[in-house]
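One structure below.
Read the figures in this text as sums done on the coordinates, not as results from a lab. All figures in this text were calculated on a predicted structure; none of them were measured in a lab. Don't worry about glycine lacking a Cβ; one is built from the backbone with ideal geometry, like all the others, and counts go over all protein chains shown.
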Amino acid sequence: MTLEQSEYQRLVEIIIELSERYRGDPNAREAILSELRTLYKKIPIYPGIITMLLPKVVQPIEMDKLKEGEETVLVLNDGRMVSGKVAEISPTEIKLAECKQLDISSPAEKVSVRRGDVREAKLVTRVVLEKEWPTLNFEEE
């Protein structure tokens, strides 16, 4: 088998593509790299499956579809980014717990974000293998 026939080449292309797509979003990049490490530890000999799952780690989502407990990255109208777990959703704001903000160095316990201030929301899924292909989760319980 040559490199061109190997699934590793496509895996590297996906990693580069995602890295470029989320260049200005360190929270999304961290989630993707974290999930890549997790996937590789669980299924190291299946690069094709990792290639298929990796782009699903960070996906655009409508704010109305966010649910409590989900991890999200919110891009604000002024360009700042806030990430965390959705703690509470109201008609006027979304409260995030375990927050990171791009413009500050220390994480915050909770942050409230007015819906009108959000330009884009992204859903972060860190257990993409279990969600998309549960039969390949070989971890013993």
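Take the residue pairs 42/95; 85/122; 65/122; 56/95; 41/65 and return only those whose Cα atoms are more than 21 Å apart. Beyond 21 Å: 42/95; 56/95; 41/65.
The phi torsions of the range 39-51, fed into the Karplus equation with coefficients 6.51, -1.76 and 1.60 and a -60° offset, translate into couplings of 4, 5, 5, 7, 9, x, 9, 10, x, x, 5, 4, 4 Hz, rounded to whole numbers, with Gly and Pro shown as x. Only DSSP H runs of four or more residues enter the estimate; each adds -39500 (n - 2.57), and after division by the residues of the chain the mean residue ellipticity at 222 nm equals -9500 deg cm²/dmol. The GNM of the chain, with springs linking C-alpha atoms under 10 angstrom apart, assigns the highest mean-square fluctuation among 90, 19, 34 to 90.
Under a Gaussian network description of the chain, with springs only between Cα atoms under 10 Å, the residue in 60, 26, 44 that fluctuates furthest is 44. Backbone geometry of the range 59-72 corresponds, through the Karplus equation with coefficients 6.51, -1.76 and 1.60 at θ = phi - 60°, to 3J(HN,Hα) couplings of 10, x, 8, 6, 4, 5, 9, 5, 10, 4, x, 7, 8, 9 Hz, x marking Gly and Pro.
Charged side chains reduced to their Cβ positions (Lys and Arg at +1, Asp and Glu at -1) give the chain a dipole of some 220 debye around its Cα centre.
Just so you know, the Cα atoms of the chain work out to an Rg and Dmax of 16.7, 56 Å. Comparing mean-square fluctuations of 47, 55, 91 from a GNM of the chain with C-alpha springs under 10 Å, the top value falls on 91.
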